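The structure under discussion appears below in the form of structure tokens.
The values are calculated or read from the model by the stated rules, or taken from the named source; none is laboratory data. Computed from a predicted structure; not experimentally measured. Cβ sites come from the backbone with ideal geometry, for glycine too, and all protein chains shown count toward neighbours. Quick note on the areas: whole protein, heavy atoms, side chains included, nothing else; ligands and nucleic acids left out. Shrake-Rupley method; radii C 1.70, N 1.55, O 1.52, S 1.80 Å.
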Amino acid sequence: MQSKEAHQDKVLKEVTEQEYKYGFSSDIEMEQFPKGLNEDIIRKISAARNEPDWVLEFRLKSYRAWVKMEMPEWAHLQIPEIDFNDLIYYSKPKPKKKLESLDEVDPEILEVYNKLGIPLDEQKALANVAVDAVLDSVSVKTTFQKELKERGIIFCPISDAVRDYPELVKEYLGSVVPYSDNYYAALNSAVFTDGSFVYIPKGVKSPMELSSYFRINSAGTGQFERTLVIVEEGGYVSYLEGCTAPQRDENQLHAAVVELIAKKDAEIKYSTVQNWYPGNKDGKGGIFNFVTKRGICKGNHSKISWTQVETGSAITWKYPSTILKGDHSIAEFYSVAVTNNHQQADTGTKMIHIGKNTKSTIISKGISAGKSQNSYRGLVDVKRSAINSRNYSVCDSLLMGDQCGAHTFPYIDVENKSSVVEHEATTSKISENQLFYLQQRGLDEESAINMIVNGYAKEVLNQLPMEFAVEAQKLLEISLEGSVG
Amino acid sequence: MKLQDNIIEYINENQALLNDSFPDFIKDIRTKAQQDFIKKGFPSQKNEKWRRTKLKNIADQYYHPGINMIFDKELKWESCVVPEYDRAVALVNGHYVAEKILEVLPNGIVIGSLQAATEKYPDLVKRYFNKLVAQQNKAFDDLNAAMFADGLFLYVPKNVQGFRLQITHRLDAKIDALINVRNLIILEENAQIDMVQCDDSNQHRSHFVTFNAEVFLADKAKLNWYKYQNINNLSAIFSNHYYEVGSQANLYTNFIELNGKTLRNEQFAQIIGVAAKVDLYGLYLADKLQQVDNVIFVSHDKEGSYSNQKFKGILDDSARGFFNGQILVKKDAQQTNAFQKNDNILLTDKARISSQPFLEIYADDVSCSHGSTTGQIDEDALFYIRQRGISKRDAQLLQLYAFTGEIIDAIKIPELIEPTKDLVKKRLNGKLDVCEDCILQCQTRT
């Protein structure tokens, strides 16, 4: 027994002390603004991007609201003090010249992606994925524009959308996440620099999965993407968001806002694999990820599905939510959140049922190892008007090691008699019986744990598109295999 | 809020009356609580645990703040006698009422008024009093400590077992009044008692009540506490219960919340020993504009303990329910088994429930789960029963009654089961009025 424990300790040590594989930084020339945040900086950002006045107005309005707000403290997180005046709010690679083909992309940038194993080249084309690569703040290269254009699909950086489709952006920007929604959303609304804009016209189903890889590169740069996805009646889109970031000792702030709008009969599938630098094993460095993601099922019979695999970031504060406004609309939330070492995560979802016969499903799997803290926090709010609504939530937590914590904070409000809401949650460690069973069959301990964890997360991983599923599985293996205490 | 202002004014003007009847160690706690209350006041809506409770509605009217500071010598209470009870005592408007104000029973049990106990057994009271409250300091703790006049004191010595106590907690003010009751219950090693408490009121007066109880269970001690709350629809009781649970000790509570404008029961159990067992049951049945809150916190500090929370509620008309249950498993509490379940039925579209089953776990070798459901009567089952020639209303009542079974079946005193079933049936039928007498006697009277 003793030797088994010793072995387990060894395996645990090996795995949890593994260094972040994707830690490197590339030296690309950056055009930067001075540190700090004030109305001047915001005007400068807006001017540098040639934005129309209404965008500047939106930014200033948000900034003024943000100044009056306080950092939220209700989450189960220990957030070190952030000096918002010590951050650079805008940086972009210096434009060299207009790019015609992939060969003309800065080889250093290409190298970054290659190191990460992200194929921004022919491989991706074969994989039928259009990539909107974001390096720091400005999109560098967008592929597949043409094919999408033929179908009337707009997929471009939000800065282009502001220029080319101002009516659309003006109508929907801030319509799901108002500028005054919360502290980080207000900050983002004031200084957002880039992100994706997706528009699917009526009746069009996107022929390919749209994907955007976000990267944080320049030291001390906060990245504030703004993503807006609009799907008109009967349309469909699957959007992938994936991220890895180079290793830095300095904490980096990331406060994105994502807004999804699904009209009648429309469907949006939004998948995220997040693998930003989580800090080293002593809890130094790592990215602060404070994200506001929200979708609205505006029309009847619409559907929004969130899937996330969260393995990175030092601190995660993220609640992809759905407002089920249309009758018979459906929302889903699938999440695997892994924390290790000193990582902290407070993540979950909100399901706001307004329309009749609306349905929502929440499947959340938390895995904590090392000295990390992993919390699920979710709200299911069934309003009086949402008759015959249905929610089913499952939140399971797996603990690996006796130094970590796993917490569940569900909030359930029901205001009518015809709805059914069910919530269940369990917390336990890896079953020793299962482990014993698998080891009996000749699997070594690491593979056995790997298998159990993969099985545990399968329900969520199955929801990911193919390309992501593979990546996510790899991430889980790196983060977890063998981590039993 | 009107009441808050009245209390502050009263505290400032009546220092001597409030503080002079207590020994110094309590006086210190009281004056600090008075200052804190003046500073903090009532819990605000911003407090997550109070957001769902309409406190303002209740606190914005006039209650006489000092009624329970004046001891009415005319206060008498004849408790009804439920069979198999060793002793029946009463708390009337916050005062302990019995033949003797403080007595020592032949088996060594000390029972009586807390105020009298602070004089007679200052050392004993000092060792325990305010220990748990000071650690937590929840809403209304300050008010209670600042203003209470009296309450129950109970001391059960080592190895004394099999004692059954009936407590009638009676609200019977002649004018609308604020009443604060403070209780201290100490069980020494291997002691065991059953307590049955009924919260009753008169028909027509508003009472705003804070009821605080600190309960100490030494190793192997066992407490079974049953509480029936049936007060008029003008009155509110805010009860805070604190339990310290030692090794192999056994805490069991079963609270049946039947009537009242606002009933709030907060229970905080801290398991400081190993291999302890905590079972908390609750049933709340609310209609009209009633509000029922249950706020539960079980903290596992040491290894090998078991805890179980089971709360069920039925909400009719415009009633509101709030359940917040939390299990905390600390780092050293390996091999913990902790469970939590909250089930609700809403009968109308105006009724509301807010359920928050929380888990906070820092140890890995544990098995914890929670569940929460909200729904309505099963239509298929209703149809099935009606097919058998039973009217819709009766079929509904049958189902609701069956829903409550899980809590009633958990009652461990056989003599209590039938009266409880009867009460619940009557309540579901809308025929349970505020009792002028002990509600457990209702069965024999009708």
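Numbers at a glance
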{"read-out": "Considering residues of region A:398-440 that are over 20 Å from A:Gly455 (Cβ atoms), polar (S, T, N, Q) and over 32 Å from the mean Cα position of the chain (by Cα) only, the residue least open to solvent (accessible area, probe 1.4 Å)", "value": "A:Asn416"}
{"read-out": "Qualifying position, being in contact with a Leu (Cβ under 7 Å, 6 or more places away or on another chain), on the phi < 0 side of the Ramachandran plot and of a type outside the set (Gly, Ala, Ser), among A:Thr408, A:Thr426", "value": "A:Thr408"}
{"read-out": "So A:Ser375, is it more than 9 Å from chain B (Cβ to nearest Cβ) and farther than 30 Å from B:Asp380 by Cα", "value": "no"}
{"read-out": "Whichever residue in region B:366-387 is at the interface with chain A (Cβ under 7 Å from one of its Cβ atoms) and open to solvent by 30 Å² or more (accessible area, probe 1.4 Å) and, among such residues, is nearest to B:Lys277 (Cα to Cα)", "value": "B:Ser367"}
{"read-out": "Hits in region B:397-428 - residues which are of a type in the set (S, T, N, Q) and touching a residue at least 60 places away in the same chain (Cβ under 8 Å)", "value": "B:Thr404, B:Thr420"}
{"read-out": "Matching residues, region A:422-433, being more than 7 Å from chain B (Cβ to nearest Cβ) and part of a strand (DSSP E or B)", "value": "none"}
{"read-out": "Enumeration of residues in region B:86-97 that are over 16 Å from B:Asn212 (Cβ atoms), open to solvent by less than 40 Å² (accessible area, probe 1.4 Å) and among the small types (Gly, Ala, Ser)", "value": "B:Ala90"}
{"read-out": "One residue from B:Ala338, B:Ala319, B:Ala363 being more than 10 Å from every other protein chain (Cβ to nearest Cβ) and not basic (Lys, Arg)", "value": "B:Ala319"}
{"read-out": "Boolean, B:Leu124 is part of a helix (DSSP H, G or I), closer than 28 Å to B:Phe37 by Cβ and in contact with an Asp or Glu (Cβ under 8 Å, 6 or more places away or on another chain)", "value": "no"}
{"read-out": "Residue within region A:450-466 that is within 14 Å of another protein chain (Cβ to nearest Cβ) and open to solvent by less than 10 Å² (accessible area, probe 1.4 Å) present", "value": "no"}
{"read-out": "When residues of region B:16-30 are limited to those that are surrounded by 13 or more Cβ atoms within 10 Å (Cβ to Cβ) and farther than 15 Å from B:Val133 by Cβ, the one modelled with the highest pLDDT", "value": "B:Lys27"}
{"read-out": "Residue in region B:395-412 that is surrounded by the fewest Cβ atoms within 10 Å (Cβ to Cβ), counting only those that are aliphatic (A, V, I, L, M) and in a helix (DSSP H, G or I)", "value": "B:Ala402"}
{"read-out": "Lone unmet requirement of (1) out of contact with any helix residue (DSSP H, G or I) (no Cβ under 6 Å at 6 or more places or on another chain); (2) without any contact (Cβ under 8 Å) to a residue 40 or more places away in the chain; (3) not in a loop (DSSP other than H, G, I, E, B) for B:Arg386", "value": "(1)"}
{"read-out": "Cβ pairs under 8 Å, 6+ apart, first in region A:41-66 and free of Cβ contacts under 8 Å to residues at least 24 places away in the same chain, second surrounded by 15 or more Cβ atoms within 10 Å (Cβ to Cβ) and of a type in the set (Val, Ile, Thr)", "value": "A:Ser46/A:Val55; A:Leu56/A:Ile42"}
{"read-out": "Which numbered condition B:Asn294 misses (of (1) at the interface with chain A (Cβ under 10 Å from one of its Cβ atoms); (2) under 19 Å from the mean Cα position of the chain (by Cα))", "value": "(1)"}
{"read-out": "Subset of region B:315-334 (residues that are assigned to a strand (DSSP E or B) and open to solvent by 10 Å² or more (accessible area, probe 1.4 Å))", "value": "B:Arg320, B:Gln326, B:Leu328"}
{"read-out": "Among (1) open to solvent by 10 Å² or more (accessible area, probe 1.4 Å); (2) within 14 Å of chain A (Cβ to nearest Cβ); (3) of a type outside the set (Asp, Glu) - the single one B:Ile390 does not satisfy", "value": "(2)"}
{"read-out": "Residues within region A:402-421 that are under 16 Å from B:Ser372 (Cα atoms) and more than 7 Å from chain B (Cβ to nearest Cβ), tallied", "value": "1"}
{"read-out": "Matching residues, region B:341-360, being more than 7 Å from chain A (Cβ to nearest Cβ), without any contact (Cβ under 8 Å) to a residue 40 or more places away in the chain and either more than 30 Å from B:Leu428 (Cα to Cα) or surrounded by fewer than 24 Cβ atoms within 10 Å (Cβ to Cβ) (or both)", "value": "B:Lys341, B:Lys350"}
{"read-out": "Any chance A:Thr347 is over 24 Å from B:Asp332 (Cα atoms), polar (S, T, N, Q) and crowded, with 23+ Cβ neighbours inside 10 Å", "value": "yes"}
{"read-out": "When residues of region A:206-243 are limited to those that are of a type in the set (Ser, Thr, Tyr) and open to solvent by 10 Å² or more (accessible area, probe 1.4 Å), the one modelled with the lowest pLDDT", "value": "A:Ser218"}
